[in-house]
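The values are calculated or read from the model by the stated rules, or taken from the named source; none is laboratory data. Predicted model only: the values in this text are computed from it and were never measured. No Cβ is skipped: glycine too gets one built from the backbone with ideal geometry, and neighbour counts run over all protein chains shown. Areas reflect the complete protein model, heavy atoms only, side chains present, ligands, DNA and RNA absent. Shrake-Rupley method; radii C 1.70, N 1.55, O 1.52, S 1.80 Å.
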Amino acid sequence: MSRAALPGFRDFYPQELAERAYVMNAWREVAGRYGFVEYDGPPLEPLELYTAKSGDEIVGQLYVFEDKGGRKVALRPEMTPTFARMVGAKLNALRKPVRWFSTPQLFRYERQQKGRLREHFQLNVDIVGEPDVAADAELLALAIDVMREVGLTASDVRARVSDRRLIGALLAHFEIAEKDHPLVYAVLDKLDREPRAALEKRLTDGGVAPHAVRSLFEAVGSKSLDELRTRLGGVRALDGHFETMTRYFELLRALGVDDWVRLDLSVVRGLAYYTGIVFELFDTAGEFRAICGGGRYDDLLATLGGTPAPALGFGMGDVVLGELLRSRKLMPALEPALDYWVASDDEALLSDVMTVAARLRGGGHSVEYSLRPQQLARQLKAASSAGAAQVVILLRDQWSGGAGTMTVKTLADGSERVVRGDELFNFPV
RNA sequence: GUGGCUGUAGCUCAAUUGGUUAGAGCACCGGUCUGUGGCACCGGGGGUUGCGGGUUCAAUUCCCGUCAGCCACCCCA
């Protein structure tokens with residue numbers, strides 16, 4: 001019988017847990033800076049919560065089972081349905097726009113790969129009740145500020161943005177039938193991974209007219225909004241979408257993140273529920289999977305049976321971000337740290353050592369000492385490797401049963417001073 | 001779920017064409033050192049060579065299966 005963790009699940013040793021905490025602290029810090037408040041929901045949900053939105057095929061990627069009450073339940077694979085339920089239930093009572101975030105552990109039963117496990121932690125940030133593109137800009141700026149918070153720069157990470165409505169209008173303009181849109185989205189998604197000729201063939205084989213395919217690839221090849229506008233500026237049906245995008249970029253500049261952002265119409269996002277601006281964050285070297293992805297999903301709350309309300313959000317996993325930080329040497333190492341180590345040259349003084357330690361701990365200090373008799377040299381060594389700032393040494397000849405003094409040694413410079421017991425306990429940290 | 005590559009100590013790696021008891025560095029524990037840490041030297045623990053089977057006088061080495069990891073699909077967080 002194997003004692004290893006299940007495939008795709010992680011044991012968090014202290015170093016790994018410190019890394020996880022570092023990333024999650026950055027999430028909380030930045031989300032708080034934008035005025036978002038944290039919430040959480042159950043890790044186990046009714047299966048229907050997920051099948052209602054995404055259909056039965058998603059069941060193959062869920063941890064599903066029947067509980068003892070005969071309910072079909074699933075470990076949560078994403079946070080959005082839970083969020084939609086919670087917000088939907090109290091939408092009228094909540095101050096709008098709702099700005100909530102969460103850092104759930106999510107589960108998905110899939111073949112694992114680098115950057116993709118069966119379990120991960122994910123920052124979820126959502127805004128409900130604000131249709132204006134200003135909310136889209138605010139959301140992306142928050143995601144980018146998380147990158148800054150952990151030391152990444154615009155040369156490490158790029159945000160690619162697109163707009164489902166703009167794409168939809170383009171397809172209509174090129175007279176591509178509604179029924180072909182799913183195929184077109186699938187092809188766009190593969191634009192930088194498969195040869196263009198093969199993708200064109202897939203579209204024409206699927207029944208899309210060759211001239212429409214050509215126009216589509218030209219438009220999607222635009223590297224900036226200006227370029228796209230120049231190409232299709234005369235098309236009245238697109239004007240509104242161009243205005244929205246233009247404003248979006250202006251607001252991103254106002255928020256100081258425009259350096260990070262590029263228009264990229266090949267960003268589709270797999271999830272069917274996105275309705276407007278969508279975005280992804282990638283490492284510029286193209287070494288890792290997407291760090292983050294999100295967008296506007298104005299219809300989702302209504303789809304899930306709640307009150308209709310405009311909404312948008314993103315998810316950012318801890319796995320890819322962690323890999324990126326480690327590869328860029330931006331992940332802090334776990335440094336052992338301790339305020340005091342209490343040592344003695346006489347094992348008979350162990351109870352005195354413990355009393356001194358208890359007094360120091362009572363003063364809010366972190367304190368360790370050797371739990372078994374050890375040579376003084378060994379205790380100093382242990383103190384050093386435990387990261388102790390100071391060592392309190394009880395020497396048989398000085399201590400004289402508690403009536404005398406102790407030596408306090410600062411490990412960084414080796415300096416020592418001799419103090420009485422009551423003095424020590426008044427020391428600042 | 002499909003296909004490919006890879007599995008030797010906690011980590012990084014050795015081990016002749018298949019040939020004694022599978023080694024080294026780092027890490028860990030201890031000794032030199034019962035008034036003082038980081039260094040040095042010495043020593044110790046730790047391996048069913050992922051697991052199971054096969055071929056062979058003999059398998060870490062060759063073959064098959066399986067599990068795990070990585071990669072590409074699929075799908076997406």
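Worth a mention:
- Single condition A:GLN375 does not satisfy, out of (1) modelled with pLDDT of 90 or more; (2) open to solvent by 30 Å² or more (accessible area, probe 1.4 Å); (3) near RNA strand B (Cβ under 10 Å from one of its atoms); (4) not charged (D, E, K, R): (1)
- Residue match in the stretch A:245-265 (condition: closer than 30 Å to A:LEU304 by Cα, within 28 Å of the chain's Cα centre (by Cα) and part of a helix (DSSP H, G or I)): yes
- Near pairs, Cβ below 9 angstrom, 6+ apart or cross-chain, from the stretch A:399-419 (within 17 Å of A:SER344 (Cβ to Cβ) and among the polar types (S, T, N, Q)) to any residue that is open to solvent by 70 Å² or more (accessible area, probe 1.4 Å) and modelled with pLDDT of 85 or more: A:THR405/A:VAL418; A:THR405/A:ARG420; A:THR407/A:GLU416; A:THR407/A:ARG417; A:THR407/A:VAL418
- Considering A:ALA159, A:ALA154, A:ALA172, the condition of being of a type in the set (A, V, I, L, M, F, W, C), assigned to a helix (DSSP H, G or I) and either open to solvent by less than 70 Å² (accessible area, probe 1.4 Å) or at pLDDT below 90 (or both) is satisfied by A:ALA172 alone.
- Any chance A:LEU238 is part of a helix (DSSP H, G or I), within 25 Å of the chain's Cα centre (by Cα) and crowded, with 18+ Cβ neighbours inside 10 Å: no
- Selection over the stretch A:228-270 of residues that are free of Cβ contacts under 8 Å to residues at least 24 places away in the same chain and more than 21 Å from A:ALA137 (Cβ to Cβ) gives a count of 5.
- Pairs with Cβ under 6 Å, 6+ apart, first in the stretch A:8-26 and under 13 Å from A:HIS120 (Cα atoms), second at pLDDT 90 or above and hydroxyl-bearing (Ser, Thr, Tyr): A:MET24/A:THR103
- For A:VAL187: the one exception among (1) touching an Asp or Glu at 6+ places or on another chain (Cβ under 6 Å); (2) part of a helix (DSSP H, G or I): (1)
- Subset of the stretch A:302-324 (residues that are over 15 Å from the mean Cα position of the chain (by Cα) and open to solvent by 20 Å² or more (accessible area, probe 1.4 Å)): A:ALA302, A:THR303, A:LEU304, A:GLY305, A:GLY306, A:THR307, A:PRO308, A:PRO310
- Selection within the stretch A:313-331 - more than 9 Å from RNA strand B (Cβ to nearest atom), outside any helix (DSSP H, G or I) and either of a type in the set (Lys, Arg) or touching a helix residue (DSSP H, G or I) at 6+ places or on another chain (Cβ under 6 Å) (or both): A:ARG328, A:LYS329, A:MET331
- For the stretch A:17-54, the tally of residues that are within 12 Å of RNA strand B (Cβ to nearest atom) and among the acidic types (Asp, Glu) stands at 0.
- The residues listed here are A:SER415, A:SER351, A:SER400; of these, the one that is more than 13 Å from RNA strand B (Cβ to nearest atom), surrounded by fewer than 17 Cβ atoms within 10 Å (Cβ to Cβ) and more than 30 Å from A:ALA18 (Cα to Cα) is A:SER351.
- Residue list for the stretch A:243-301, filter: open to solvent by 60 Å² or more (accessible area, probe 1.4 Å) and either in contact with a strand residue (DSSP E or B) (Cβ under 7 Å, 6 or more places away or on another chain) or away from RNA strand B (no atom under 16 Å from the Cβ) (or both): A:GLU243, A:ARG247, A:GLU250, A:ARG253, A:ALA254, A:LEU255, A:ASP259, A:ARG262, A:THR284, A:ARG289
- Residue in the stretch A:354-367 that is of a type outside the set (Ser, Thr, Tyr) and within 14 Å of RNA strand B (Cβ to nearest atom) present: no
- Number of the exception - A:ASP422 against (1) open to solvent by less than 40 Å² (accessible area, probe 1.4 Å); (2) more than 13 Å from RNA strand B (Cβ to nearest atom): (1)
- Considering only residues in the stretch A:84-118 that are crowded, with 18+ Cβ neighbours inside 10 Å and within 7 Å of RNA strand B (Cβ to nearest atom), the one that is nearest to A:TYR63 (Cα to Cα) turns out to be A:ARG108.
- A:ILE127 being assigned to a strand (DSSP E or B), away from RNA strand B (no atom under 14 Å from the Cβ) and either on the phi < 0 side of the Ramachandran plot or open to solvent by 40 Å² or more (accessible area, probe 1.4 Å) (or both): yes
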